[in-house]
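Beneath this line is the structure, given in structure tokens, with notes to follow.
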Amino acid sequence: MAFAAFSKLLLLSLSVSLFASRCVFAGNDLIHDDHHFSIVGYGSHDLSSIDRLIRLFESWVERHGKIYHNIEEKLHRFEVFRDNLDHIDETNKKVQNYWLGLNEFSDMTHDEFKKKYLGLNAELPKTGKALEFSYKDVQFEALPKSVDWRKKGAVTPVKNQGNCGSCWAFSTVASVEGINQIVTGNLTSLSEQELIDCDNTYNNGCNGGLMDYAFQYIMGNNGLHKEDDYPYLMEEGTCDNKKDVNEAITIDGYHDVPANDDASLVKALAHQPVSVAIEASSRDFQFYSGGVFDGHCGTALDHGVAAVGYGSTKGSDYIIVKNSWGSKWGEKGFIRMKRNTGKPEGMCGINKMASYPTKNK
């Protein structure tokens, strides 16, 4: 009875005028003009009562353009939102080097999130042959202390894979875009959709794949088309080889970075963006908002991303990683992941399965 009564109260509260919640939210932004609030998307005052929590939820719904079909669905999503907010707040009280915040995924359970946004299939058998690691003779001590390929113009704006497990395609494309810019001087956004639709010998579209297979596809099909010529759909489509479009970006080979070797990954990354795989199924990853991530995660690889630089802050070394969950996630779509963890596989397994394409001209 008590739970039923509480549910009725929530239903009533959530049905209150959205205009009122907008006014309150605007007021909160003015009253609580502190750095912490702006980063994580909530303040301690929002947790002080159910009314304030509902107002926070309503303002979050408006900010992210969420639409619920009925009040029962909205109540369910509010309960998920509240549970996620509890996790975010409790984690932020414990960790020091990174922080979590509300984002567009805050009304999704963790299981829902994992099913929709992870898509690496690390269990696929390896085929083809990667070339020998080309940076093995580079002296680690001679490398720059930091590299950021975003500042060098070799990284396109963050993209959004949406509800499609196509992370492997975005990881592949990011490293190909990078080496193409380094060699030609032209930063060209390339088509993940072509890989999803056409690279199906081993890869499986929105149901997962591997970056090495995608490199093989690009090499065997005279390159990859521009995103403008083959735009992203957030779903699997019918393969279109675009024979009427002459221009495609080619690569000449690909190399696997020696597994579980931090120095080798940094050697490669000093020269170009690198496709990497990580385990991104920890709950903290869903709500990562900033800082150098050194939280709990395993090494069961389930997500393809691109390493686009490295550096250090306050004595903590990190890898800069470009994700494919849109620019509202993390640090404008990127995450800094701790380096030198003392474990060969690296943070979340980032050293386990890295590879990069080569281009001669």
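The values are calculated or read from the model by the stated rules, or taken from the named source; none is laboratory data. This is a predicted model, so every value here is computed, not measured. Because the Cβ atoms are built from the backbone with ideal geometry, glycine has one as well, and the counts that use them run over all protein chains shown. What goes into the accessible areas is simple: the full protein's heavy atoms, side chains included, and nothing from ligands, DNA or RNA. Shrake-Rupley method; radii C 1.70, N 1.55, O 1.52, S 1.80 Å.
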- Out of V158, V147, V176, which single residue is among the hydrophobic types (A, V, I, L, M, F, W, C), open to solvent by less than 40 Å² (accessible area, probe 1.4 Å), within 17 Å of P357 (Cα to Cα) and touching a strand residue (DSSP E or B) at 6+ places or on another chain (Cβ under 7 Å)? V176
- Message: Condition first: surrounded by 22 or more Cβ atoms within 10 Å (Cβ to Cβ) and assigned to a helix (DSSP H, G or I). Can you find one or more residues in the range 287-298 that meet it?
- Response: yes
- Item | Conditions (1) more than 30 Å from S171 (Cα to Cα); (2) at pLDDT below 95; (3) open to solvent by 40 Å² or more (accessible area, probe 1.4 Å); (4) not acidic (D, E): number failed by K115 | (1)
- Task: Determine, yes or no, whether H255 is open to solvent by less than 50 Å² (accessible area, probe 1.4 Å) and over 19 Å from C167 (Cα atoms).
- Result: yes
- Query: What tally of residues in the range 46-64 results from selecting those that are open to solvent by less than 20 Å² (accessible area, probe 1.4 Å), among the charged types (D, E, K, R) and without any contact (Cβ under 8 Å) to a residue 40 or more places away in the chain?
  - Reply: 1
- Note on the structure: By residue number, the members of the range 172-211 that are touching a helix residue (DSSP H, G or I) at 6+ places or on another chain (Cβ under 9 Å) and of a type in the set (D, E, K, R) are E192, E194, D199
- Message: Condition (residue is open to solvent by 20 Å² or more (accessible area, probe 1.4 Å) and either among the hydroxyl-bearing types (S, T, Y) or over 20 Å from A169 (Cα atoms) (or both)) applied to the range 272-282: is it met by at least one residue?
- Response: yes
- Residues within the range 43-73 that are part of a helix (DSSP H, G or I) and under 26 Å from N92 (Cβ atoms), tallied: 18
- Per-region count, the range 257-296, residues of a type outside the set (A, V, I, L, M), closer than 20 Å to A122 by Cα and at pLDDT 95 or above: 7
- Given the residues N163, N203, which is the only one that is in a loop (DSSP other than H, G, I, E, B), polar (S, T, N, Q) and buried (at least 24 other Cβ atoms within 10 Å of the Cβ)? N203
- Note on the structure: Log entry, pairs with first residue in the range 302-316 being more than 20 Å from D212 (Cα to Cα) and in contact (Cβ under 8 Å) with a residue 60 or more places away in the chain, second being surrounded by fewer than 22 Cβ atoms within 10 Å (Cβ to Cβ) and among the acidic types (D, E), beta carbons closer than 9 Å, six or more apart or on different chains, reads G309/D148; Y310/D148; Y310/D317; G311/D148; G311/D317; S316/D294
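Filter the range 328-361 down to residues that are assigned to a strand (DSSP E or B) and in contact with a His (Cβ under 9 Å, 6 or more places away or on another chain) and give me whichever is surrounded by the fewest Cβ atoms within 10 Å (Cβ to Cβ).
Looking at the filtered set, the residue picked out is T358.
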- Task: Give G101, G43 a once-over and let me know the one that is crowded, with 16+ Cβ neighbours inside 10 Å, of a type in the set (G, A, S) and in contact with a strand residue (DSSP E or B) (Cβ under 8 Å, 6 or more places away or on another chain).
- Result: G101
- Task: Please verify whether the range 96-104 includes one or more residues that are charged (D, E, K, R), farther than 26 Å from S264 by Cβ and touching a helix residue (DSSP H, G or I) at 6+ places or on another chain (Cβ under 7 Å).
- Result: no
- Does at least one position in the range 108-131 carry a residue that is of a type in the set (D, E) and in contact with a strand residue (DSSP E or B) (Cβ under 9 Å, 6 or more places away or on another chain)? no
